[in-house]
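*Asks:* Pasting in a structure now, in structure tokens, and then I'll have a few things to ask.
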């Protein structure tokens, strides 16, 4: 597979954490071990091939390439956008098919919320985050919906949050929403530089924070909010910033990254860049120490396969029970790969997901 660019350590807020769950075994068509990892694969363009991979972190069961299809005898749909484990359920936002699925800890669907009945939500769901007994979903067109996590009933829809919003996170009683771009009257993309702050209870807009252009990813890490901006893909590159929820001040880290997660107490990041002449990717990794403000790039990953440096990174997730790191890669056409590293940073194994574009993983303990 081709590789994508530079990698950051620290990605993936709530979806990175393990989830203690119990129910749902009587509905499962397959026998699953107690420790489970589920990987959401976005799928490829207009092929309706999103799916969920099952993997056993304890290596006590075989990989299932699409456990959603195996359990529900149906395809997940078009463009698996995001997934989060919360309490005893797993929630998946499917963008092109524009619905939210609630599954048990064996990936058996319990409920589904289709957004087709809501005219204002036809831009397509982009993200889902969980907080308390609520889910928050955002949509192209600048909408954010507050949803009951148990019933999947929509409690409120807030309009006018932005133009085309992407990722969200909750910190300090506030919902941080990235406002990435708009399309002007000539049909051209205009990249924006905003993170919109909403009250997590009322969804009322509190303020707009200026960040680097085209913010696409945001996550909570400790007492900070990390923001990854993608730039304009031509003259302005990727960048990483931190927001302090106490006063919403922005600190620019002088770090280029397009993926990040929290690993071993530091912000781990990746950068994947495409070389048009050689038709391949160069990917590098690094860590940012929040305490010292230092950036390290040497010996972050040990015994790293050479293939990983030539593939595009599409997923960074950490099993918080074991502190092991999982790096997903994609070429956007064939099945993705996942590289597993131990808590000591040493390479352990590589496996294929069985579908295209691994995007996010969640870990469940039965």
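Bear in mind that the values in this text are calculations on the coordinates, not laboratory data. Everything numeric here is computed off the predicted structure, so don't read it as measured data. Here Cβ is always computed from backbone atoms with ideal geometry, including for glycine, and neighbour counts include all displayed protein chains.
*Asks:* Between residue 274 and residue 74, with labels modelled 7 Å along Cα→Cβ, what's the label distance in nm to one decimal, could you check?
*Replies:* Going by the 7 Å Cα→Cβ label model, 3.4 nm.
*Asks:* Given R₀ = 51 Å, what would the calculated FRET efficiency be for residue 157 paired with residue 334, taking r from the Cβ atoms and rounding to 0.05?
*Replies:* Using R0 = 51 Å, I get an efficiency of 0.85.
*Asks:* Going highest first, how would you order 128-134, 143-149, 201-207 by mean Cβ packing within 10 Å?
*Replies:* Packing order, densest peptide first, comes out as 143-149, 128-134, 201-207.
*Asks:* Which entry in (i) 65, 41, 40; (ii) 49, 49, 40; (iii) 94, 45, 39 is this structure's computed Cα extents along the principal axes in Å?
*Replies:* Here the calculated entry is (ii).
*Asks:* At 222 nm, what helix-only mean residue ellipticity would the chain give, in deg cm²/dmol to the nearest 500, using -39500 (n - 2.57) for each DSSP H run of four or more?
*Replies:* About -500 deg cm²/dmol.
*Asks:* Quick one: grab the alpha carbon gyration tensor of region 182-234, order the square roots of its eigenvalues as a ≥ b ≥ c, and give me rounded if a/c is under 1.5, else prolate or oblate depending on whether a/b is larger than b/c.
*Replies:* Taking the square roots of the gyration eigenvalues as a ≥ b ≥ c, region 182-234 is oblate.
*Asks:* Shifting gears a bit: May I ask for the Kirkwood hydrodynamic radius of region 24-101, worked out over all distinct Cα pairs and given in angstroms to one decimal?
*Replies:* Evaluated over region 24-101, this radius sits at 13.0 Å.
*Asks:* Hey, another quick one. How far apart, in nm, are two points set 7 Å out from the Cα along the Cα-to-Cβ line at residue 321 and at residue 210?
*Replies:* So the two model labels end up 4.7 nm from each other.
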